[in-house]
1. So if I place +1 on the C-beta of Lys and Arg and -1 on the C-beta of Asp and Glu, and nothing else carries charge, what would the dipole magnitude of segment 111-177 be about its Cα centre? I want it in debye, nearest 20.
2. In percent, how large is the relative contact order of segment 222-262, given Cα pairs closer than 8 Å and 6 or more residues apart?
3. How much length would be gained if the chain were fully extended between R42 and I166, taking 0.36 nm per residue of separation minus their Cα-Cα distance, in nm to one decimal?
4. Restricting to Cα pairs below 8 Å that are 6+ residues apart, what does the relative contact order work out to for segment 111-177? Please round to a whole percent.
5. Would you please state which residues of segment 85-107 a label at R234 would reach in this model, taking the label point 7 Å out along Cα→Cβ and a backbone N cut-off of under 17 Å?
6. Counting only other residues whose beta carbon sits under 12 Å from that of L164, what net charge do I get with K and R as +1, D and E as -1?
7. Looking at this model, which pairs from K140/K169; K44/K94; K44/K169 are more than 20 angstrom apart at the alpha-carbon?
8. Helix 278-293: angle to the longest alpha-carbon principal axis of the chain, degrees 0 to 90, nearest 10?
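Just so you know, all these numbers are worked out from the coordinates, no wet-lab data involved. It should be emphasised that the depicted structure is a prediction, and the values quoted were computed from it without experimental measurement. Using ideal geometry, Cβ is built from the backbone for each residue, glycine included, and neighbour counts are taken over all protein chains shown.
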Amino acid sequence: MTQHRRITLITGQDMPSPDSESSLIVEALASLGVDSEVVVWREKRDWSAAQLIVLRTPWDYADHLTCFLAWVTHVASVSRLQNDADVVRWNLNKRYLLELARHGVPIVPTEVLALGDKVGPTSFLHDFATRHRTNEIIIKPTVGINATGAVRAVPDDPALAQHLSILLKTGDALVQPFVPAILSTGEVSLVFLGSSYSHAVRKLPRAGDFRVQDNHGGSVQAYAPSAKEIETARAALAVAPAPTTYARVDMVDLHGTPAVMELELIEPELFLRLSPTAVETLARRLVLELDRQSYY
């Protein structure tokens, strides 16, 4: 008898914006003869009964980090999780940017301060601005999504030093020079499905803001990346601890060179609506993963 095939797509409970993609994936899977369901990760259920669990839009995980990490460990031990649990744990903390740099991947210059570090915030920010020759600085927590906790200011702004002090009381903090190109040419996001490049978008902030996310008023449009941007994205993904079923690489122009801002390997919006083939391609890759793992 042929085993009934079913894929579980994971979402969140307290969402900062609507999930517009999971329903598209459900429809695409149905057209391939595979059932699926969209389930909140915090729901109490027997996760061992799931054949394949795919992280899609658990956009509240950063607010429940300890619980989420425990859940990832549990479901990976009793079922099959995509992306891989090691990838999820590695990608949770933006400290991975330092690892990308060590592997020669161009990134936005980044320094990380650890929880409890004894630094003088004002002097640190002044020295950071001097080292990186920047007039503005971005500070944000190393764990978070949707630019939550991100602050942009001049180095001698007392509010910036205060924000850094507050962040270091509860977690690690990431410090970067502000890249002015974000205001003009925006941020580009390249989507990969499996090891293959799929499509890309350009995200622009609204006037008067620097954040490109739609819940902050940002806009998005289809984009044709350069060969160098695709090459840079591939180099970044090669550093991840395991291959990915889906991935998004966010980059910005830094003095004429594409530089990685973030790797989105946990729950990225994939902008499926802006590609005529991406939904079907993703669905087919999920089915291949489901069938491949059924042999183990």
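1. Taking the Cα centre of segment 111-177 as origin, the dipole is about 80 debye.
2. Value for segment 222-262: 36 percent.
3. Gain on stretching R42 to I166: 41.8 nm.
4. The value is 49 percent.
5. 104-106
6. -2
7. Those over the limit are K44/K94; K44/K169.
8. Long axis of 278-293 versus the principal axis of the chain: about 60 degrees.
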